[in-house]
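**Student:** Sharing a structure with you now.
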Amino acid sequence: MIFIKFYQAKYITFICQLFLIASLVIACHSTAINTSTKTTNNGCIQNYDLNTDYFPNKINITHAIGLAVEYHKHYKIVTVKNPWQNAKKGFRYILVQCGTPIPKGFSQAQVITVPINSVVSLSTTHLPHLAKLGVVDKLIGISDSKQVNTPDVVERVKAGKISQIGNNANVDIEKILELNPDLVTTYGTGNSQTDSYAKLTEAGLKVAMNAEYMEATPLGQSEWLKFTALFFNKEEEAEKIFSKIADKYEQIAQKAKSVKSRPTIFVGFKFKDTWYMPGGNSYVAKYLADAGANYLWSDDKSSGSLPLSFEVVFERAVNADYWLNFRQSWKSVKDLVTEDNRYADFKAVKQSNLYNNNARVNANGGNDYWEGGISNPDIVLSDLIKILHPEILPNHQLFFYHKLS
């Protein structure tokens with residue numbers, strides 16, 4: 001009897017030891033799985049594998065003609081083809097996944113480690129990109145907080161989390177160096193006296209040139225969201241966001257294609273004796289065509305602005321149905337006529353068909369049309385269709401536009 005109890009005790013001890021060993025094996029195996037995580041919290045690779053594709057989610061450029069990206073397993077080559085009017089060369093950036101080796105053969109291009117964790121932006125048009133991608137918390141510096149309309153950015157400015165570093169021409173290099181951002185996003189005009197790109201790169205900063213304003217279509221401009229996304233490894237998010245915007249835009253434009261009458265339109269205003277009229281291949285002309293309008297300069301083949309005299313504009317547009325996109329400071333028809341009494345002779349003025357794209361201007365004069373409007377062309381198009389063909393979108397309320405009274 002004693003022998004049986006002794007045997008049972010040893011058996012129970014053996015089972016317990018076996019269970020303990022099994023638990024330790026499972027625990028060790030679990031630990032092994034956890035320590036093999038490919039990336040850290042800042043997006044860096046811990047154990048580089050040359051056979052792994054570190055960018056499984058890729059963007060596809062469908063509308064922007066000035067942007068290209070070429071993917072490799074651990075780096076991507078981003079090309080900005082046409083940074084400004086008559087540019088003789090573009091820019092190329094090598095975005096290397098953090099924790100992987102820098103590829104050879106790119107000594108003439110900027111090499112930038114991604115994903116970036118801090119950014120300074122020198123244009124308000126880039127700010128909605130950060131909000132849409134959910135990375136406003138990475139923004140540490142902007143040109144001028146007074147011009148900002150993007151709500152998430154405004155809140156961070158109020159909280160003292162974003163510094164002001166001056167505009168493109170008068171950027172405070174020392175302040176940016178103190179902030180030490182992973183990236184500075186800017187734009188260029190080709191004027192070495194005002195452009196900041198050269199000064200920033202000479203200071204040793206990583207700088208990306210955003211050329212969205214060179215695109216000749218609204219969707220082309222909006223697609224530069226993907227350019228911003230490339231630096232954060234946010235391709236998947238950017239593809240989904242832009243796809244929704246493009247789908248909405250095209251669905252709305254399709255509704256206006258069947259209109260029987262297309263009201264005649266002209267835009268702009270006289271500035272120092274010159275009226276700068278958008279060319280027939282400009283993004284403005286594209287907006288108006290998609291909204292069911294007859295833009296009076298649609299026969300022109302340029303994508304830039306046409307410098308015209310008042311007399312030339314008056315001759316063609318005196319009987320136009322609508323006048324859009326004029327001086328921001330005009331608050332009433334009286335302001336318009338006070339500046340130049342000849343404006344009163346336009347049919348659009350006589351019939352009060354005057355609409356401006358400054359419905360969303362903050363207390364400091366920052367116009368959201370030039371910020372959020374670039375990223376939301378479907379809303380801008382909806383506004384234009386509401387103005388010209390209100391029966392097509394009966395439930396839409398004007399957002400960026402309003403009527404001058």
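None of the figures in this text is laboratory data; all of them are computed from the coordinates on show. Please read all numbers here as calculations on a predicted model, not as lab measurements. Don't worry about glycine lacking a Cβ; one is built from the backbone with ideal geometry, like all the others, and counts go over all protein chains shown.
**Student:** Viscosity 1.567 mPa s, temperature 4 °C: what is the translational diffusion coefficient of the chain from Stokes-Einstein with a Kirkwood Rh over Cα pairs, rounded to a whole number of µm²/s? Mind showing how you got there, number by number?
**Tutor:** On the way: Rh = 24.4 Å.
The diffusion coefficient I find is 53 µm²/s.
**Student:** Under a 5 Å amide H to amide H cut-off, with H placed in plane at 1.01 Å, what residues pair with THR264 once short-range neighbours are removed?
**Tutor:** ASN294, ASP321, TYR322
**Student:** Please work out whether segment 126-185 counts as rounded, prolate or oblate from its C-alpha gyration tensor, where a ≥ b ≥ c are the square roots of the eigenvalues and a/c under 1.5 means rounded, while otherwise a/b larger than b/c means prolate and anything else oblate?
**Tutor:** Values: a/c = 1.66, a/b = 1.45, b/c = 1.15.
Cα axes put segment 126-185 in the prolate bin.
**Student:** Right, next: Ordered by residue, what ³J(HN,Hα) values in Hz, to whole numbers, does segment 390-405 give under the Karplus form 6.51 cos²θ - 1.76 cosθ + 1.60, where θ = phi - 60° and Gly and Pro are x?
**Tutor:** Each residue's phi maps through the Karplus curve to give x, 5, 6, 10, x, 9, 7, 9, 4, 10, 8, 10, 8, 8, 7, 10 Hz.
**Student:** Quick one: check the C-alpha center-to-center distance for segment 154-227 versus segment 342-379, whole angstrom.
**Tutor:** Measuring centre to centre over Cα atoms gives 26 Å.
**Student:** From the residues TYR401, ILE61, PRO83, which one has its Cα farthest along the dipole of the chain in the positive direction, the dipole being from +1 and -1 charges on Cβ of Lys/Arg and Asp/Glu about the Cα centre?
**Tutor:** My answer, from the dipole projection, is ILE61.
**Student:** What does the helix-only formula give at 222 nm for the chain: each DSSP H stretch with n ≥ 4 adding -39500 (n - 2.57), the total divided by the residues, and the result rounded to the nearest 500 deg cm²/dmol?
**Tutor:** Working: 14 runs with 140 residues, N = 405.
Estimated from H runs of four or more residues: -10000 deg cm²/dmol.
**Student:** So if R0 is 41 Å, what FRET efficiency would ASN57 and SER258 give, r being the distance between their Cβ atoms, rounded to the nearest 0.05?
**Tutor:** Numbers: r = 37 Å, r/R0 = 0.91.
The formula returns an efficiency of 0.65 here.
**Student:** Multiplying the sequence separation of GLU155 and GLN351 by 0.36 nm and subtracting their Cα-Cα distance, what value in nm do you get? Mind dumping the intermediate values first?
**Tutor:** Working: separation 196, 0.36 × 196 = 70.56 nm, distance 4.17 nm.
Difference between extended and current length: 66.4 nm.
**Student:** Shifting gears a bit: Once you've got the Cα coordinates, tell me which of LYS58/LYS132; LYS58/LYS88; LYS206/LYS244; LYS301/LYS403 are over 25 Å apart.
**Tutor:** Values: LYS58/LYS132 18 Å; LYS58/LYS88 29 Å; LYS206/LYS244 31 Å; LYS301/LYS403 30 Å.
From LYS58/LYS132; LYS58/LYS88; LYS206/LYS244; LYS301/LYS403, over 25 Å: LYS58/LYS88; LYS206/LYS244; LYS301/LYS403.
**Student:** What residue among SER382, SER352, SER123 has the largest mean-square fluctuation in a Gaussian network model of the chain, using Cα springs under 10 Å?
**Tutor:** SER352
**Student:** Of PRO377, ASN191, ASN47, which is farthest along the charge dipole of the chain in the positive direction, counting Lys and Arg as +1 and Asp and Glu as -1 at C-beta?
**Tutor:** ASN47
**Student:** Further question: On a full-extension model of 0.36 nm per residue, what is the gain between VAL312 and LYS272, subtracting their alpha-carbon distance, rounded to one decimal in nm?
**Tutor:** The VAL312-LYS272 span can extend by a further 12.9 nm.
**Student:** For segment 169-268, what class follows from the C-alpha gyration tensor (a ≥ b ≥ c being the square roots of its eigenvalues): rounded when a/c is under 1.5, otherwise prolate if a/b is larger than b/c, else oblate? Display every interim value, and only then the final one.
**Tutor:** On the way: a/c = 4.39, a/b = 1.82, b/c = 2.42.
Since a/c reaches 1.5 but b/c is at least a/b, the shape of segment 169-268 is classed as oblate.
**Student:** Could you name the aspartates and glutamates whose alpha carbon sits less than 18 Å from that of LYS347, not counting residues in the same chain fewer than 8 places away?
**Tutor:** Result set, ordered by chain and number: GLU311, GLU315, ASP321, ASP335, GLU339.
**Student:** Label segment 257-403 by shape, choosing from rounded, prolate and oblate, from the square roots a ≥ b ≥ c of the eigenvalues of the Cα gyration tensor; if a/c is under 1.5 it is rounded, and otherwise prolate applies when a/b is larger than b/c, oblate when it is not.
**Tutor:** Values: a/c = 1.35, a/b = 1.14, b/c = 1.19.
Judged from the Cα gyration tensor, segment 257-403 comes out rounded (a/c under 1.5).
**Student:** Just tell me, in residue order, which DSSP H segments of the chain are both 27 angstrom or longer along the helix axis (alpha-carbon based) and at least 0.5 in mean Kyte-Doolittle hydropathy. Present the calculation step by step, with values, prior to reporting the outcome.
**Tutor:** Values: long enough: 2-35 (49 Å, 1.26); 235-256 (32 Å, -1.01).
Qualifying helices: 2-35.
**Student:** Using the eigenvalues of the Cα gyration tensor, what equivalent ellipsoid semi-axes result for segment 289-345 when each is taken as the square root of five times the eigenvalue, whole Å, largest first? All intermediate terms of the calculation are to be shown ahead of the outcome.
**Tutor:** On the way: eigenvalues 97, 39, 30 Å².
Calculated on Cα positions only, the semi-axes equal 22, 14, 12 Å.
**Student:** Also, I was wondering about something else. Residues with beta-carbon under 9 Å from that of ILE252, excluding ILE252: net charge, scoring Lys, Arg +1 and Asp, Glu -1?
**Tutor:** Numbers: positive: LYS248, LYS255; negative: GLU250, ASP290, ASP378.
Every neighbour counted, the sum reads -1.
**Student:** Right, here's the next one. Taking the Cα centre of segment 307-386 as the origin, how large is its charge dipole in debye, to the nearest 20, when only Lys and Arg (+1) and Asp and Glu (-1) carry charge on their Cβ atoms? Don't jump to the answer; show the numbers that get you there.
**Tutor:** Values: 9 positive and 11 negative charges, 45 e Å.
So the magnitude is around 220 debye.
**Student:** Dipole size in debye (nearest 20) for segment 67-245 around its Cα centre, Lys and Arg Cβ +1, Asp and Glu Cβ -1?
**Tutor:** The calculation lands at about 280 debye.
**Student:** Same structure again: Spelling out what I want: for every residue of segment 337-343, take phi, set θ = phi - 60°, compute 6.51 cos²θ - 1.76 cosθ + 1.60 (Karplus), and round to whole Hz; glycine and proline get x.
**Tutor:** Once rounded to whole Hz, the list reads 6, 4, 5, 7, 5, 5, 4.
**Student:** Ok, one more. Jot down the radius of gyration and Dmax of segment 52-207, Cα atoms only, both in angstrom.
**Tutor:** 16.0, 45
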